[in-house]
Amino acid sequence: MMSSAPQQLAPITIITGGSEGIGKALAFEFAQGGLDLLLVARSQQRLDKTARQISTTHDVKVLTLKCCLADEDSGSKIAAFLKKQNHYCQNLVNNAGFGLAGDFAQHDEAAIRDLVNLNVRALTDLSRQFLPDMLARNGGGILNIASMGGFLPGPYQAAYYASKAYVISLTKALSWETWGTDVQISVLAPGPVKTRFHARMGARSELYVKSGAGISASKAARMGYSGFMCGKCLIIPGILSQLGAVALKIIPHDLLMPFMAWFLRARTQRNPKNGNRS
Ligand SMILES: NC(=O)c1ccc[n+]([C@@H]2O[C@H](COP(=O)([O-])OP(=O)(O)OC[C@H]3O[C@@H](n4cnc5c(N)ncnc54)[C@H](OP(=O)(O)O)[C@@H]3O)[C@@H](O)[C@H]2O)c1
């Protein structure tokens, strides 16, 4: 009787929230680098559209998985999908995330739980799930998407800013722990980026939105991808954000809080929001 040989697993780059915004732009960058992709998000329609766009311009395989990462079992769902498709996770891009604008005390409790589940728990679980195999293979890596908001407290976006502080702290620590290996651990911390992210969290009349400041998703992704590939741990795209990051290291945060509150506070009444529940 013939014994069936174990199936050779092929490498793939997982991009959470890869259907639009920064995640979609990152997907194009990794595809440009010739890497096969697994895009994970909740809307199958938008995933399919992005996968089609990438496949028509780049000769890579693009798989999609409809999955809500705020759900507890999302990690095992992704692992089962990879196994079924005979892939292993070469690179993990923890990009999916959302914000909540307004007074913390008035947010829907379930929305705050979803935010922590997506921005913190899912990112942590997926990193823990795939990092040991990356270390065993001594290759690949993790690119986490934080924000400049992770460098200081953000009144009126309190939970979001705090979640991104966690992402920066975790990534820097993992980068230290994996030093001396060929596994790359990076964090991308952009300032405002022009995507649907801000409208989704109900931020419309805030000064930072009205000022129109921000870089394109493709610029953020280009710098994120090249920084990751070049072995940078902390990647801050754009000269203004880089200068801002230096200022944030020098100026005491207590002095900056009134300015941040002024910048992030809504100028008009906001409709109650329900987080990013689809
Ligand atoms: N835009 C900015 O100014 C900015 C600045 C700094 C950092 N960031 C960070 O960059 C990352 C991407 O932001 P973006 O501006 O590209 O946001 P975006 O345009 O709103 O895109 C978010 C992506 O995440 C997916 N997603 C949202 N909730 C999900 C869930 N529960 N499960 C699975 N997928 C989910 C979305 O697809 P579905 O809705 O179909 O699930 C979409 O693909 C976030 O972590 C954000 O915090 C953004």
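The values are calculated or read from the model by the stated rules, or taken from the named source; none is laboratory data. The model shown is predicted, which means the values in this text are computed figures rather than measured ones. Neighbour counts run over all protein chains shown; Cβ positions are idealised from the backbone, glycine included. Protein only, heavy atoms only, side chains kept; ligands, DNA and RNA dropped before computing areas. Shrake-Rupley method; radii C 1.70, N 1.55, O 1.52, S 1.80 Å.
Applying the criterion of at least 1 residues that are farther than 27 Å from S226 by Cα to the helices (runs of 4 or more DSSP H) found wholly in the range 65-150 leaves 74-84, 109-115. Considering the range 33-54, the residues that are of a type outside the set (A, V, I, L, M) and touching a residue at least 40 places away in the same chain (Cβ under 8 Å) include one that is most open to solvent (accessible area, probe 1.4 Å), namely R42.
Restricting attention to the range 32-57 and to residues that are of a type in the set (A, V, I, L, M, F, W, C), in a helix (DSSP H, G or I) and out of contact with any Leu (no Cβ under 6 Å at 6 or more places or on another chain), the residue that is nearest to M229 (Cα to Cα) turns out to be I54. Annotation note: Cβ proximity below 7 Å between a residue of the range 133-152 that is more than 16 Å from I15 (Cβ to Cβ) and more than 9 Å from the ligand (Cβ to nearest atom) and a residue that is among the charged types (D, E, K, R) and at pLDDT 95 or above (sequence gap 6+ or interchain) occurs for N138/D182; G139/D182. Of everything in the range 45-70, what is within 28 Å of R113 (Cα to Cα) and touching a helix residue (DSSP H, G or I) at 6+ places or on another chain (Cβ under 6 Å)? Give them in sequence order. Within the range 45-70, T64, L65, K66, C67, L69, A70 meet the criteria.
Screening T171 with (1) in contact with a Gly (Cβ under 8 Å, 6 or more places away or on another chain); (2) away from the ligand (no atom under 11 Å from the Cβ); (3) open to solvent by less than 20 Å² (accessible area, probe 1.4 Å) gives one miss only, at (1).
Take the range 184-215 and flag every residue that is in contact with a strand residue (DSSP E or B) (Cβ under 8 Å, 6 or more places away or on another chain) and of a type outside the set (V, I, T). Write out each step before concluding.
Let us first name the residues in the range 184-215 that are in contact with a strand residue (DSSP E or B) (Cβ under 8 Å, 6 or more places away or on another chain), namely 184-194, 214-215.
Within the range 184-215, Q184, S186, L188, A189, P190, G191, P192, K194, G214 meet the criteria.
Any residue in the range 8-25 that is closer than 24 Å to L115 by Cβ, within 12 Å of the ligand (Cβ to nearest atom), open to solvent by 40 Å² or more (accessible area, probe 1.4 Å) and in a strand (DSSP E or B)? Within the range 8-25 (the criterion being closer than 24 Å to L115 by Cβ, within 12 Å of the ligand (Cβ to nearest atom), open to solvent by 40 Å² or more (accessible area, probe 1.4 Å) and in a strand (DSSP E or B)), the answer is no, since none of the residues qualifies. A search for C-beta distances below 7 Å between a residue of the range 156-183 that is within 19 Å of I236 (Cα to Cα) and any residue that is among the β-branched types (V, I, T) and open to solvent by 50 Å² or more (accessible area, probe 1.4 Å), counting only pairs 6+ apart in sequence or on different chains, returns S163/V116. If you check T64, T57 for being of a type in the set (S, T, Y) and loosely packed, with under 15 Cβ neighbours inside 10 Å, only one passes: T57. Note on the range 213-240: residues that are assigned to a loop (DSSP other than H, G, I, E, B) and either in contact with a Pro (Cβ under 8 Å, 6 or more places away or on another chain) or open to solvent by 60 Å² or more (accessible area, probe 1.4 Å) (or both) total 7. Among the residues of the range 117-158, the one identified as among the small types (G, A, S), under 22 Å from A261 (Cβ atoms) and surrounded by fewer than 20 Cβ atoms within 10 Å (Cβ to Cβ) is A158. For the range 202-212, the set of residues classified as touching a residue at least 40 places away in the same chain (Cβ under 8 Å) and outside any loop (DSSP other than H, G, I, E, B) consists of L207, Y208, K210, listed by residue number.
With the condition kept exactly as written, say whether any residue in the range 89-98 is open to solvent by 30 Å² or more (accessible area, probe 1.4 Å) and of a type in the set (F, W, Y). Checked the range 89-98: no residue is open to solvent by 30 Å² or more (accessible area, probe 1.4 Å) and of a type in the set (F, W, Y).
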